[in-house]
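Everything below concerns the one structure shown next.
Rule-based calculations on the coordinates, nothing more; no lab input. All values reported here derive from a predicted model rather than from experimental measurement. Quick reminder, even Gly has a Cβ in these numbers, built from the backbone with ideal geometry, and neighbours come from all protein chains shown.
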Ligand code: AHG
Ligand code: MN
Ligand code: MN
């Protein structure tokens, strides 16, 4: 029986019932994260009318100018999630170090890693932006947080998802039992199930990459892009090109329509030879989601979910989307490497 229109809270509880040993801690965690997302969504929707546009004047650990909405989203999530008693630590794209839980609050067994606002360069132009999250269980005993607790490979995630602040506000998440999408019904302030058991087409007809960097790519990456742009109607080529510049929006379109999103390594910034995207707060959560939908995610050689992070802000190349399209890319990269 379809659960269409079910509230996300009801859905979380139905997922919880699948795990007899569940304590409900996880449901509390996700429910609070949803409240934070609703607050960010409300702020983003009226950002043109308040003094939330523009820059704070700070530069973050990524070396990027911080937008006011970045800062607002980051502090909203940290404030809300710190006192819950479900987390032992947090990692944010906007914070240089691991975010400790203040000693006055009870600690829990989960680690929350997040990109508070993805697509910051698009905020002032009213283009879709989002929030990406990833949740792990603490692996070391006791209250002390060790680096191995926050530097876990993506296959150990217990949940992942994103909020998309677009024409409507959506939440897409998985706890390992299928991928489900909810749409915010503003009149009642509830996320209602709108996309149950999302499956990505096994092949698409859209590729997504920043062509502006063509002259910064190696020959093997250029060979990949040549593949998707050659005229060969028999093979369904060329693909269309769509690139929004907000990973969460480019990924959401790829998930629903099929195809492939790519952020290849480039020579644009010698400090970022592996491209711009972060493994722990962007690539690993999206890799869990796409796998649940029957798709794939790779850094060009390895499954993103198998990569052991070396540090919390590690960057990796990302090729993610329909299984057949990702496999085609891996074959071309492998051939060209020879
Ligand atoms: P963030 O705003 O969290 O820093 O992420 C921006 C990322 C990602 O959303 C997008 O895919 C990518 O930046 C676009 O980068 P380019 O402008 O270099 O193409
Ligand atoms: Mn981002
Ligand atoms: Mn961000």
- Task: Choose one answer from 238, 309, 141: the residue with the largest mean-square fluctuation in a GNM of the chain with alpha-carbon springs under 10 Å.
- Result: 141
- For 276, 46, 67, 268, what ranking results if the residue with the fewest other Cβ atoms within 10 Å of its Cβ goes first? 46, 268, 276, 67
- Considering only 254, 328, 167, give the residue with the highest GNM mean-square fluctuation for the chain, with springs between Cα atoms whenever their separation is below 10 Å. 167
- Query: In the chain, what percentage of the DSSP-assigned beta bridges are antiparallel, given to the nearest 5?
  - Reply: 85
- When 162, 263, 216 are ordered from fewest to most other Cβ atoms inside 10 Å of their Cβ, what list results? 216, 263, 162
- Based on other C-beta atoms within 10 Å, arrange 83, 252 from fewest to most. 83, 252
- Query: Do the sum for the chain: with -39,500 (n - 2.57) for every DSSP H run of n ≥ 4, divided by all residues, what is the mean residue ellipticity at 222 nm, to the nearest 500 deg cm²/dmol?
  - Reply: -8500 deg cm²/dmol
- Rounded to 5, percent antiparallel among DSSP beta bridges of segment 9-123: 45
- On a C-alpha basis, how far is the centre of segment 319-338 from the centre of segment 124-174 in Å? Whole number, if you could? 26
- Roughly speaking, what is the stretch gain from residue 303 to residue 28, that is 0.36 nm per residue apart minus the C-alpha to C-alpha distance, in nm to one decimal? 95.9 nm
- Message: If I take R0 = 41 Å and measure r between the Cβ atoms of residue 4 and residue 109 in this structure, what FRET efficiency does the formula 1/(1 + (r/R0)^6) give, to the nearest 0.05?
- Response: 0.80
- Message: Would you calculate the convex hull of the Cα atoms in segment 8-195 and tell me its volume per residue in Å³?
- Response: 126
- Residue with peak Gaussian network fluctuation, the chain [Cα springs, cutoff 10 Å], from 266, 303, 226: 226
- The extension gain from residue 196 to residue 222, computed as 0.36 nm times the residue separation minus the Cα-Cα distance, is 5.7 nm
